[in-house]
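Visitor: Provided herewith is a single structure, encoded as structure tokens, for subsequent inquiry.
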Amino acid sequence: MAEPVLLRRDQNGIARLTLNRPQNLNALSDAMLAALLGELAAIAGDGSVKVVTLQGAGKVFCAGHDLKEMQAGRASSDKGAAYFADLFTRCGAVMQAITSLPQPVIAQVHGIATAAGCQLVASCDMAVAAHGTRFGVNGVNIGLFCSTPMVALSRNVPRKQAFEMLVTGEFIDAARAREIGLINRVATEEDLEAESLALAERVASKLGPAVRIGKRAFYDQAQMSLAEAYTHTSGVMAENMLLRDTDEGISAFLEKRKPDWHS
């Protein structure tokens with residue numbers, strides 16, 4: 001019996017997801033996209049999960065779309081037009097599900113993250129990468145401009161750096177990825193998992209409802225004008241202040257004791 005394309009293991013409030021098709025470089029096949037969308041929906045409704053990590057099995061994180069599967073789609077009477085439109089829509093839905101997930105998502109990246117794999121890293125809220133990891137939106141090298149990966153990439157890194165990556169198809173290393181803001185931290189290959197888990201544990205130690213409120217507000221306000229953003233986040237903070245555990249957290253700080261949080 002074949003192993004699932006996506007593995008999940010929970011520990012201490014952290015849902016650890018693993019892309020599990022190392023034989024095809026964890027490509028975002030139809031099955032992988034469906035599994036990701038389903039698991040993200042399940043996690044969204046799971047109050048015990050405070051943070052998510054996403055990694056790839058084998059030698060790489062993710063090499064993007066499954067090109068063999070895409071080429072097979074050309075066999076239809078419309079030469080793949082309907083399949084391709086549906087594929088990129090489904091992939092976009094997965095990326096948006098990560099952003100809209102109540103819990104923060106941390107990408108744990110090694111090997112390569114290319115095309116839609118780089119899009120996946122850019123879509124996560126944070127990312128930790130191993131030294132030697134290479135990132136690229138290199139579809140242009142085979143005649144396919146990475147237009148959908150561009151959406152996430154251009155919202156993470158400065159415009160000129162994003163455009164250069166897109167039109168040259170050149171790869172950048174982990175140090176450069178951190179420099180331009182695509183990832184948060186760089187670790188040795190041996191310390192990658194520990195570094196990712198340490199970040200996840202730090203997030204998981206915070207008040208879950210407050211983090212969920214904050215993540216939603218973070219992405220909402222980014223689409224607003226300055227005045228709209230302040231009006232919106234003022235209401236968000238007022239909502240946050242009314243939480244029982246926020247009251248307890250502030251009282252505990254003032255009284256110099258650990259908070260007795262129920263969430």
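Visitor: Which one of these is touching a residue at least 24 places away in the same chain (Cβ under 8 Å), in the same structural domain as residue 129 (by TED's automatic domain parsing), under 18 Å from residue 215 (Cβ atoms) and not polar (S, T, N, Q): 33, 19, 40, 25?
Guide: 40
Visitor: Could you give every pair whose Cβ atoms fall below 6 Å, whose first residue belongs to the range 58-81 and is farther than 22 Å from residue 189 by Cβ, and whose second residue is surrounded by fewer than 16 Cβ atoms within 10 Å (Cβ to Cβ), counting only separations of at least 6 or pairs across chains?
Guide: That search, which allows pairs on different chains as well, returns 80/74.
Visitor: So which of 248, 190 is without any contact (Cβ under 8 Å) to a residue 60 or more places away in the chain, among the acidic types (Asp, Glu) and not in a helix (DSSP H, G or I)?
Guide: Only one candidate qualifies: 190.
Visitor: Continuing with this model, one more query. Just checking, how many residues over the range 1-19 are among the polar types (S, T, N, Q), surrounded by 17 or more Cβ atoms within 10 Å (Cβ to Cβ) and in contact with an Asp or Glu (Cβ under 9 Å, 6 or more places away or on another chain)?
Guide: Of the residues in that region, 0 qualify.
Visitor: Looking at residue 109 and the list (1) within 18 Å of residue 171 (Cβ to Cβ); (2) free of Cβ contacts under 8 Å to residues at least 24 places away in the same chain; (3) hydrophobic (A, V, I, L, M, F, W, C), which single condition is not satisfied?
Guide: (2)
Visitor: In the list 224, 237, which residue meets the criterion of being more than 30 Å from residue 145 (Cβ to Cβ) and out of contact with any Cys (no Cβ under 7 Å at 6 or more places or on another chain)?
Guide: 237
Visitor: Evaluate the range 124-141: report whether one residue or more is in a helix (DSSP H, G or I), touching a Phe, Trp or Tyr at 6+ places or on another chain (Cβ under 7 Å) and surrounded by 22 or more Cβ atoms within 10 Å (Cβ to Cβ).
Guide: Yes, because at least one residue in the range 124-141 is in a helix (DSSP H, G or I), touching a Phe, Trp or Tyr at 6+ places or on another chain (Cβ under 7 Å) and surrounded by 22 or more Cβ atoms within 10 Å (Cβ to Cβ).
Visitor: Could you list, in sequence order, all residues of the range 120-173 that are acidic (Asp, Glu) and either within 18 Å of the chain's Cα centre (by Cα) or farther than 22 Å from residue 106 by Cα (or both)?
Guide: Result: 125, 164, 170.
Visitor: Can you name the residue in the range 176-197 that is of a type outside the set (D, E, K, R) and loosely packed, with under 14 Cβ neighbours inside 10 Å and, of all such residues, is farthest from the chain's Cα centre (by Cα)?
Guide: 188
Visitor: A follow-up question, please. Would you check which residues across the range 15-34 are in contact with a Lys or Arg (Cβ under 6 Å, 6 or more places away or on another chain) and either at pLDDT below 95 or over 16 Å from residue 107 (Cβ atoms) (or both) and list them?
Guide: 33, the sole residue that qualifies.
The values are calculated or read from the model by the stated rules, or taken from the named source; none is laboratory data. Everything numeric here is computed off the predicted structure, so don't read it as measured data. Note that we place each Cβ from the backbone using ideal geometry, even for glycine, and neighbour counts take in every protein chain shown.
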